[in-house]
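As structure tokens, the structure follows; a few thoughts come after it.
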Amino acid sequence: MKPLLLAASALFILQTGFTQITNPKYKRKVEALLKKMTLDEKIGQMTQVTLGVVAKGGGGNEDGALDPDALKKAVLDYKVGSILNATVHAFSVDTWRQIQTTIQDEAKKSRLKIPVIYGLDGIHGQTYTLDATLFPQSIGMAATRNPELVARAAKVTAMELRASGVRWNFAPVLDCGRQPLWSRFPETYGEDVYVGKIMGSTAIRAYEADGLDQPTAVASCMKHYLGYSAPRTGKDRTPAYIPEIEMREYYLPQFRAAINAGATTIMINSGEINGTPVHASHYLLSDVLRKELGFQGVVVSDWEDIIRLHTRHLVAATPREAVAMAVNAGIDMSMVPNDYSFFDLLKEAVEKKEVSISRIDEAVRRILTLKYAVGLFDNPYPEKGSEENFGKQEYQTLALDAARQAMTLLKNENNILPLTLDKKILVAGPAAQSISALNGCWSYTWQGQDERWYPKDSKTILQTLQQKFAPGHVFSTGSKGFDSPDNFDTAKLKAAAADVDVIVLCLGENAYAESPGIIPDLVLPENQLALARAAANTGKPVILVLSEGRPRFITSIEPSMRGILLAYWSGRKSAEAIADVLMGDYNPAGVLPYSYPRSMGEMVLY
């Protein structure tokens, strides 16, 4: 069935691809508004700042309260066209709706009353709203081989974003996951180009298909164009060297399919390819993206990446040259995001004729068209009744279904699984009592590690197994939290194992996002390997459960594991899905979305 689903979805995408922002009904309105705008108002539209710039207390804000003077400076003085991000953690639906209302109230005071468009990273659900539904990371969704599931999850994400008053989602990630060291690997749909094309395009259609002006849709943002996932060292935001044939075979097709499916915006690779920063590449941003692929939407930079043409890449002699270089290459909006330097520098560059007015108009035209398309000019405020689309019980059922379908059984020696209710089980390892290690990045906080902000009903693997068995059948030697020393105590594990029939050993990775997730190699930490050896040395059968965002080497411990379940980071219902598989209540059918390497010297892709 699954290959047929993929084929059917591919045909559907090819037949129905369209772009709502090319609708001619917006053209007259946009041109009329553009003629009224001053240079400052135009450059303001191209400027995007983070919420911390306008929040009370800056980036450390905890309650979502806005600073009236800072908001006035952003919206009225600098005419900022877009705001993004949360501050420290996710907010409630009500808080988000108040934030959006306050921002749009301020925009109403401006000369032309142009609304602000807000963007958030809803990577595997609405990341930054408390109690939002989190689905498996894209790497887990790829394991399901089920585009229909991707579409349903994306639709829920769109509705929960819109319920929060947000109309622009910085997703999906279309980077091809062919460098497993890369810390954003879990955000990809894996190493297969075809799977990435189908899953990514399906998500985009689901985000947008209801109509961008409807309270059940959001503008999507395909990212990160292009080749971001292939850094030579595996470290985030570092150089890639990609031959043209590989670029076109592995990294470009997903974006071509997404454009055909109607994607409205695109975010740019933070790194450089073959010595040229992508933010400065006229070839990739204009010749390939615009002329060859026919993309007509908004091109937005990634976080602080324009100024880095001067500070990091060293291709621009001055900050102003960096701004001119990026805008001339094809960037429409700068995710500055912490100050107004882009505004000031771009104004200087225009006055010095380093950037033409026609190029400014081109960018602003696209931004205004996007704002018309998402309905901001008709009603910039959170729609009445849209909050009713948040947190429905059916979303939890879907999240459980998605997590179950992602589960990938790697080994089941002599049918050690499923476990029977008469067994006594020791549940051990750092992921046994960790919620963050089941969800991963972009989970109520950027890094996803602060469990204070997870829903109160979130379950651990230990809790779900305890619920399956009668009292006195499930034991643990560890403590809550991935890094607790108790979770790595081999002596305690050995002593506790004497009274059980089987050990469920929960290893893998705690949550991480972007550069904080950089590692030098894929070997599991020694304290985890030592725990696995200690478990095997007890003589009791060991079932290894891997909660991880990328393939971590298990070569040295695999022979002594009787069963191995790869759970990925599968979202809010991960623990329930894992328990269902271990107990035989669900038959796992996930398929590896990447080649699982044996060692650093055997990183061979299919």
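Summary table
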read-out: Cα convex hull of the stretch 243-354, projected area averaged across orientations, nm²; value: 7.0
read-out: Projected area averaged over orientations for the chain, convex hull of C-alpha atoms, nm²; value: 25.7
read-out: With all protein chains modelled, accessible area of HIS473 [1.4 Å, Å²]; value: 40
read-out: At 0.890 mPa s and 25 °C, Stokes diffusion of the stretch 132-215 via Kirkwood alpha-carbon radius, µm² per second; value: 187
read-out: In sequence order, calculated HN-Hα J values of the stretch 290-306 (Karplus, 6.51, -1.76, 1.60; Hz; x Gly/Pro); value: 7, 7, 6, 8, x, 6, 10, x, 8, 9, 10, 6, 8, 3, 6, 7, 6
read-out: For ASN537, net neighbour charge (Lys/Arg +1, Asp/Glu -1) across residues whose Cβ lies under 15 Å away; value: +4
read-out: Residue-wise HN-Hα coupling along the stretch 525-534, computed from phi with Karplus coefficients 6.51, -1.76, 1.60 (Hz; x: Gly, Pro); value: x, 4, 5, 6, 5, 5, 5, 5, 5, 5
read-out: Accessible-area value, MET603, 1.4 Å probe, nucleic acids and ligands omitted, Å²; value: 60
read-out: Relative contact order (%) - the stretch 490-606, alpha-carbon pairs under 8 angstrom, separation at least six; value: 25
read-out: Share antiparallel - DSSP beta bridges, the chain, percent rounded to 5; value: 15
read-out: Built amide H within the under 5 Å cut-off of VAL504, gap 5+; value: LEU426, VAL427, ALA428, ILE543
read-out: Part-to-part distance (alpha-carbon centres) for the stretch 123-151 and the stretch 356-413, which is given in Å; value: 12
read-out: Cα Rg, Dmax (largest Cα-Cα span) when computed across the stretch 407-519, Å; value: 15.2, 45
read-out: Rg ratio (alpha-carbon, reference 2.2 N^0.38 Å) - the stretch 459-606; value: 1.05
read-out: Amide proton proximity set for GLY211, modelled H, under 5 Å, gap of 5+; value: none
read-out: Charged-residue dipole, Cβ positions (Lys, Arg, Asp, Glu), the chain about Cα centre, Debye nearest 20; value: 1000
read-out: Size of electric dipole in the stretch 61-114: Cβ of Lys, Arg +1 and of Asp, Glu -1, about Cα centre, debye, nearest 20; value: 460
read-out: Positive-end residue of ILE360, GLN449, ASN487, charge dipole of the chain with Cβ unit charges; value: ILE360
read-out: With eigenvalues of the C-alpha gyration tensor scaled by 5 and rooted, the stretch 62-165, Å; value: 32, 14, 11
read-out: For ALA219, distant residues with modelled amide H under 5 Å away; value: TRP168, ASN169
read-out: Apportionment of accessible area to carbon and sulfur, the chain, percent (1.4 Å); value: 52
read-out: Taking N as its residue count, the alpha carbon Rg of the stretch 413-466 over 2.2 N^0.38 Å; value: 1.42
read-out: Accessible area of CYS176 in the full protein assembly, 1.4 Å probe (Å², nearest 10); value: 0
read-out: Long pairs among LYS423/LYS468; LYS223/LYS291; LYS155/LYS291; LYS56/LYS456; LYS56/LYS347; LYS35/LYS384, criterion Cα-Cα beyond 23 Å; value: LYS155/LYS291; LYS56/LYS456; LYS56/LYS347; LYS35/LYS384
read-out: Accessible area in the full protein assembly, largest first, 1.4 Å probe, for ARG320, ARG152; value: ARG152, ARG320
read-out: Backbone N within the stretch 207-235 under 11 Å of label point (7 Å from ASN23 Cα along the Cβ vector); value: 210-214
read-out: Distance violations [Cα-Cα > 21 Å] among LYS392/LYS480; LYS27/LYS352; LYS36/LYS108; LYS79/LYS113; LYS27/LYS197; value: LYS392/LYS480; LYS27/LYS352; LYS27/LYS197
read-out: Heavy-atom accessible area order for THR95, THR318, THR127, THR311, largest first, 1.4 Å probe; value: THR311, THR318, THR95, THR127
read-out: Angstrom value of the Kirkwood radius, inverse mean 1/r, which spans all Cα pairs in the stretch 462-517; value: 13.2
read-out: Point-to-point label distance, LYS35-VAL591, nm (Cα→Cβ direction, 7 Å offset); value: 5.6
read-out: Over 13 Å [Cα-Cα, the stretch 382-439], rounded percent; value: 79
read-out: Exposure ranking of LYS79, LYS113 by accessible area [1.4 Å probe, largest first]; value: LYS113, LYS79
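The values are calculated or read from the model by the stated rules, or taken from the named source; none is laboratory data. In this text, all values refer to a predicted model and were calculated from it rather than measured experimentally. Glycine also receives a Cβ, built like all others from the backbone with ideal geometry; neighbour counts cover every protein chain displayed. Ligands, DNA and RNA are stripped out before the accessible areas are found, and what is left, the full protein with its side chains, is counted by its heavy atoms. Shrake-Rupley method; radii C 1.70, N 1.55, O 1.52, S 1.80 Å.
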